[in-house]
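The values are calculated or read from the model by the stated rules, or taken from the named source; none is laboratory data. As the structure is a computational prediction, the values presented were derived from the model and not from experiment. Heads up, the Cβs are rebuilt from the backbone with ideal geometry, glycines too, and the neighbour counts pull from every protein chain shown. Areas reflect the complete protein model, heavy atoms only, side chains present, ligands, DNA and RNA absent. Shrake-Rupley method; radii C 1.70, N 1.55, O 1.52, S 1.80 Å.
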Amino acid sequence: MATLLRSKLSNVATSVSNKSQAKMSGMFARMGFQAATDEEAVGFAHCDDLDMEHRQGLQMDILKSDSGEEGAEPPLEGDIHYQRDGTGPPLPSAAKEADGCPELSGQGKPKITAWEAGWNVTNAIQGMFVLGLPYAILHGGYLGLFLIIFAAVVCCYTGKILIACLYEENEDGEIVRVRDSYVDIANACCAPRFPTLGGRIVNVAQIIELVMTCILYVVVSGNLMYNSFPNLPVSQKSWSIIATAVLLPCAFLKNLKAVSKFSLLCTLAHFVINILVIAYCLSRARDWAWDKVKFYIDVKKFPISIGIIVFSYTSQIFLPSLEGNMQNPKEFHCMMNWTHIAACILKGLFALVAYLTWADETKEVITDNLPATIRAVVNIFLVAKALLSYPLPFFAAVEVLERSLFQDGNRAFFPNCYGGDGRLKSWGLTLRCALVVFTLLMAIYVPHFALLMGLTGSLTGAGLCFLLPSLFHLKLLWRKLLWHHVFFDVAIFVIGGICSVSGFIHSLEGLIEAFRTNTED
């Protein structure tokens, strides 16, 4: 009798705990924490990564057992998974907990408003890499400012046509959503001959971009610390090693529960830093060097600036998920318009006033130009943000690599890196550590923030934001397109291809030269 009573009490306690957790999840959902499909796991991390939940609307769904079933075990503490758009494995207790939290029921799946979606996109394209835009103006002048506007217009347009590729007309003439992610669109374009080729190309581009983002965080951490404390006998390489030592525990990550708690704080801190920089620049408005802003460009370095600007606008990879989680998807176009207009204005003003303040002395990371009295404080906050942002792209890259190389059923290239009990095998952990060390080696031998950012923007940024959306739009919907849509798509593909190749070649040349210099030293 006592055993039965204890069992009943345990079940009641577990049920109350699960309902409480479900209500918390519902509360997060109402704040805009939504999610996407598993295919898009990587897309959410590349833009300013630590504020992932706010930018991409991730919702943390708690994995739990049915407490009402005999022999069921209570959920383990901290057993949290990122499920995308509610498409994860069905939970036995989902129906029961939907009674306690309507937002989690199948009919009342939590949705986000256009304002919440706009907040997500704004954070995606207003990340800490905006700090490199004044350096782009240094080598591009007024043409650099025009490119900031042009990139905003093009990225807004390609975001819309990418969403259009998710829909098709059914037999009744109704427009219905038949795809869920960027990968689905890519696979549809390559079907039937190569039904998975497009998805693999998109995944490779995502992995490259995520790993390069991790490298950029290590580079910027070393750069900021070195310029904050120039009198200390510690080189930039040594600061990068110290930063990587702090980041090594990322190899042991099972989920992002602990890291995600800092997302909103880091987002607010970043906005405060931008305001501080602009306020300082405005205080020196009398000394602005308008005569330094030219119409001519540095032919050798301007293509790198193109990559920097494009990289700061990349958000297409998570847009399909975001649109699918909106309460009214018809508001998506309007949301894209005002978010990119706002981003264009803010980025243009930030880049211009910062360049006018320091002119030819503008550095790769603009905070390095601040006076020593405030530079150290601002840079320490930025380093903290960079280190806390690193786990998100790292974890996303690891998930894609593990899924495609080790967990893809019979198509996997290597044995499963997880044991039967779900624990990561020792050699799997070694590979994760090797990925962390790889980001360190790249940061040591190529410690150039602008070059790496330009290379990434020219290679994967231009591909995912310019080339692929226009190509997919032409391939899937060409019969229904008006002539001006065809013209825009072709023009974007050609211009994007030229800019991508040019920026990639010049960035790669600069990286090779920097690598040789660092090797000789």
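Within the stretch 429-521, considering only helices (runs of 4 or more DSSP H) that don't extend past its boundaries, which have at least 3 residues that are farther than 22 Å from Y182 by Cα and not aliphatic (A, V, I, L, M)?
Counting at least 3 such residues, we get 483-520.
Name the residue that is farthest from G127 (Cα to Cα), counting only residues in the stretch 269-294 that are open to solvent by less than 70 Å² (accessible area, probe 1.4 Å) and small (G, A, S).
A289
Which residue is most open to solvent (accessible area, probe 1.4 Å), if the candidates are limited to the stretch 309-338 and must be assigned to a helix (DSSP H, G or I), farther than 17 Å from L162 by Cα and not aliphatic (A, V, I, L, M)?
Per the stated criteria, the residue is W338.
Do you know which residues across the stretch 352-386 are crowded, with 23+ Cβ neighbours inside 10 Å and small (G, A, S)?
A354, A386 - these are the residues of the stretch 352-386 that are crowded, with 23+ Cβ neighbours inside 10 Å and small (G, A, S).
Looking at (1) open to solvent by less than 60 Å² (accessible area, probe 1.4 Å); (2) at pLDDT 75 or above, which one does C266 not meet, given that it meets all the others?
Evaluating C266 over (1) open to solvent by less than 60 Å² (accessible area, probe 1.4 Å); (2) at pLDDT 75 or above leaves (2) as the failure.
Of everything in the stretch 186-199 that's touching a residue at least 40 places away in the same chain (Cβ under 8 Å) and open to solvent by less than 10 Å² (accessible area, probe 1.4 Å), which residue is nearest to K385 (Cα to Cα)?
Restricting to residues being touching a residue at least 40 places away in the same chain (Cβ under 8 Å) and open to solvent by less than 10 Å² (accessible area, probe 1.4 Å), the top hit is G199.
Give the number of residues within the stretch 460-484 that are open to solvent by less than 80 Å² (accessible area, probe 1.4 Å) and free of Cβ contacts under 8 Å to residues at least 24 places away in the same chain.
3
Could you look through the stretch 175-185, keep only residues that are of a type outside the set (S, T, Y) and under 22 Å from the mean Cα position of the chain (by Cα), and pick out the one that is most open to solvent (accessible area, probe 1.4 Å)?
Here the answer is D180.
Specify which of the listed residues (I306, I297) is assigned to a loop (DSSP other than H, G, I, E, B) and open to solvent by 10 Å² or more (accessible area, probe 1.4 Å).
I297
Determine whether the stretch 271-279 contains at least one residue that is closer than 30 Å to V176 by Cα and in contact (Cβ under 8 Å) with a residue 12 or more places away in the chain.
no
Name, by its number, the condition in (1) touching a Ser or Thr at 6+ places or on another chain (Cβ under 9 Å); (2) under 17 Å from G348 (Cβ atoms) that does not hold for F295.
Only one criterion in (1) touching a Ser or Thr at 6+ places or on another chain (Cβ under 9 Å); (2) under 17 Å from G348 (Cβ atoms) is unmet by F295, namely (1).
Right, F438: at pLDDT 85 or above, open to solvent by 50 Å² or more (accessible area, probe 1.4 Å) and within 19 Å of W239 (Cα to Cα) or not?
Yes.
If L349 passes every condition in (1) under 30 Å from A186 (Cβ atoms); (2) open to solvent by 10 Å² or more (accessible area, probe 1.4 Å); (3) of a type in the set (A, V, I, L, M); (4) at pLDDT 90 or above but one, which one does it miss?
The single condition L349 does not satisfy is (1).
Any idea which residue in the stretch 134-174 is most open to solvent (accessible area, probe 1.4 Å), counting only those that are in contact with a Lys or Arg (Cβ under 6 Å, 6 or more places away or on another chain) and not aromatic (F, W, Y)?
If we filter the stretch 134-174 for residues that are in contact with a Lys or Arg (Cβ under 6 Å, 6 or more places away or on another chain), which is where we start, we get 139, 141, 148, 166-167.
In the following step, the residues that additionally are not aromatic (F, W, Y) were identified as 139, 141, 148, 166.
Working: H139: 22, G141: 5, I148: 2, L166: 0 Å².
Checked the stretch 134-174; the qualifying residue most open to solvent (accessible area, probe 1.4 Å) is H139.
Out of everything in the stretch 200-253 that is within 20 Å of L441 (Cα to Cα) and among the charged types (D, E, K, R), what residue ends up being surrounded by the fewest Cβ atoms within 10 Å (Cβ to Cβ)?
K237
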